[in-house]
1. Regarding segment B:249-262, can at least one residue be identified that is at pLDDT below 90, within 30 Å of B:Glu60 (Cα to Cα) and among the β-branched types (Val, Ile, Thr)?
2. Whether any residue in segment A:165-188 is under 21 Å from A:Gly229 (Cβ atoms) and in contact with a helix residue (DSSP H, G or I) (Cβ under 7 Å, 6 or more places away or on another chain) is what I want to check.
3. Scan segment A:86-120 residue by residue and report those that are surrounded by 13 or more Cβ atoms within 10 Å (Cβ to Cβ) and among the polar types (S, T, N, Q).
4. Going through B:Phe243, B:Phe236 one at a time, which residue ends up being surrounded by 15 or more Cβ atoms within 10 Å (Cβ to Cβ), closer than 24 Å to B:Phe351 by Cα, under 24 Å from the mean Cα position of the chain (by Cα) and among the aromatic types (Phe, Trp, Tyr)?
5. If you check B:Val214 against the conditions, is it of a type in the set (Val, Ile, Thr), in contact (Cβ under 8 Å) with a residue 40 or more places away in the chain and assigned by TED's automatic domain parsing to the domain that holds B:Phe19?
6. Can you go through A:Ile209, A:Ile238 and tell me which one is closer than 30 Å to B:Phe101 by Cα, surrounded by fewer than 21 Cβ atoms within 10 Å (Cβ to Cβ), out of contact with any strand residue (DSSP E or B) (no Cβ under 9 Å at 6 or more places or on another chain) and not acidic (Asp, Glu)?
7. Considering only segment A:33-56, state which residues are surrounded by 12 or more Cβ atoms within 10 Å (Cβ to Cβ) and in contact (Cβ under 8 Å) with a residue 60 or more places away in the chain.
8. Check segment A:185-198 and report whether any residue there is within 13 Å of the chain's Cα centre (by Cα) and buried (at least 19 other Cβ atoms within 10 Å of the Cβ).
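The values are calculated or read from the model by the stated rules, or taken from the named source; none is laboratory data. These numbers were taken from a predicted model, which means no experiment stands behind them. Cβ coordinates were reconstructed from backbone atoms using ideal geometry, including for glycine residues, and neighbour counts include every protein chain displayed.
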Amino acid sequence: MRRAISLYGLTFSLPLLVWQLLFFVFPLAFLVALSFWTVKNFTMRPDFDPVNWVTMFGKPVFWQAYGTTVALAASASALASVLAFPCSYAITFKLSDSARRWAIFLMVIPFFTSYLVRVYSWQIFLSDAGIVNVILGWFGLGPYSMLNTPGATMVGYMTLSLPLVILLQLFSLVFIDRTLIEAAHNMRCGRLRTVFEVVIPSARVGLVIAALFCFILTFGDFVSPVYLGGGDPTTLSILITDTTKSGQQWPRAAVIALTMIGTLLAVAFLAVRFAYAGQAKGARK
Amino acid sequence: MQRDTLVSFEGVIKRFGGFTAVQKMDFEIKKGEFLAIMGSSGCGKTTTLRMLAGLEAPSEGTIRLSGKPINHLPTWQRDTPMVWQSLALFPFLNVRENVEFALKMRGMAKAERRQRAEQWLDRMQILEFADRNVAQLSGGQRQRVALARSLVVEPEILLLDEPLSALDAALKVRMQSVLKNLQRETGITFVYVTHSQSEAFSMADRVVIMSRGVIEQIGTPQEIYGAPRTRFVADFLGSSNIFTGKVLAASQSMVEVETPDGRLALGGGNLPIPPRQGDTATLTVLDTKTHLSVSRPTGAANIVPVRVIGEEFVGATATVYLETAKGHEIRVQKSHDELAGLPLDIGQELFVHWAPTDSHLVAEA
């Protein structure tokens, strides 16, 4: 039998409940409702018309932006994971305990400054007359145009996510049972092979979660694609601002936002399932 | 070096920073023997095993395997498979994949390694669990997987680091006979590290007893049990009564020692180097070699008057705890029949006596 809700219990759970309703459920519900409103003569009207969904899903530019955004976020996740791994591996297995604490501290420092500031400073480095091109010029190279390219967007994405990916990988690597590594070595598994045969499978959940975080952060990011990528190619976040600016199409922007939320939920679900797939091995039998 | 020597430690020392874990160690492991290295925690037994496996490098000295120095070889270039205390089975692989791992690393073809793995799974009676996750197995089954995983490469030597310590008592005894039979059938040299006297003595052909990084004694279980060489070993095994005193008289055949509990004699063939008069000497006598009587026995050499302080049943035998006038505790172990006629109430005064040939001199250090 369930106990009746007591005043005492309510006192402590109520703030959480209110917070959830106020800042998550209501906005999301409003977003869903908004996506069915209509716009006539630059004014929005509450309505229940699927026209926005039909229009957006019928636009090639929407699907183009969708494809670009997924591809960029997926590439960023892969790149960040690959760049972060040697770093987190070295911090975990090659440093002393005190050096490891310092390395973790250094990984936190990038978060001291705003992401926007860090992206602006990249402009100084990457612009045509920027620091990178000046240095390359000393060696008779360049100038290369680096700003306003997908490559620059990727630099921004790494600025945003790399420290976090390293930290998340680190926390899964430090919990690996060292005797497993010794056991692999003992069975003729060399150092590099052990990384692939034992370290990565052991840290699988953490590595996938780290990549997932990178995907989530970059998929919705607006700053890097605009200030470093120059808005071209268009990502979904850019498409949202463009849509709201052109003719007060907030309902269509809501469609894009809801599609993004749906995509992230699906990706997160699949990633977590993939992460734990190894552990379920044999359990089904 | 003898022809049947598989491993030799020659002046091997291991230091960790300022701490010396293993001090100048010289000993040999024979081909096909079951050798147990025993000692309390921190005595250097596991470090010794890890040096043999290539997981630690000796600070000084040479370790040879089949006559060749192996100091410089990393563990993945040695054939010294080890079974870990934690077993170190890979949780992300199933039972079969765990057993196949070492074969895969040797580049064996898939069909062949599957067959070899199944052979060993079958031999260890766990073939039915081949496709299970390691986490779904019981402690005993996991033990068998770990053994199969190490033995599948059919090595010359197998290193075991307290592999049974996580099992309950009944299972431990069962696994002991599995291990002993396996060693006998395969002829593989087993080096077995343990802190448990019963494990070491029930399985091993020879036992190495270590303390603080030093080998105290090497010998067959019978040799060590019957004649502990040092006071540490006698204490550690816990089955000897120990007396210390001054040597009154010493000859080739007999030594007399004045102890706080009386004048004690030992003799016979137990004196490789007779001590000198005036030396301090420690002698031991096994609790099973001591006898009890109500009245002072006539003609016996070693007689100590005692009081009963307790009695403990140990299955077929009983241990009687006694105390001398000086408060020195003495144990006597006898069958229930032998004790039947004796009054063993607490405080009862009795006499402990034993033959001089059952006493042994031990080194103090």
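1. no
2. yes
3. A:Ser88, A:Thr92
4. Answer to the check: B:Phe243.
5. yes
6. A:Ile209
7. A:Leu34, A:Ser35, A:Phe36, A:Trp37, A:Thr38, A:Val39, A:Met44, A:Asn52, A:Trp53, A:Thr55, A:Met56
8. no
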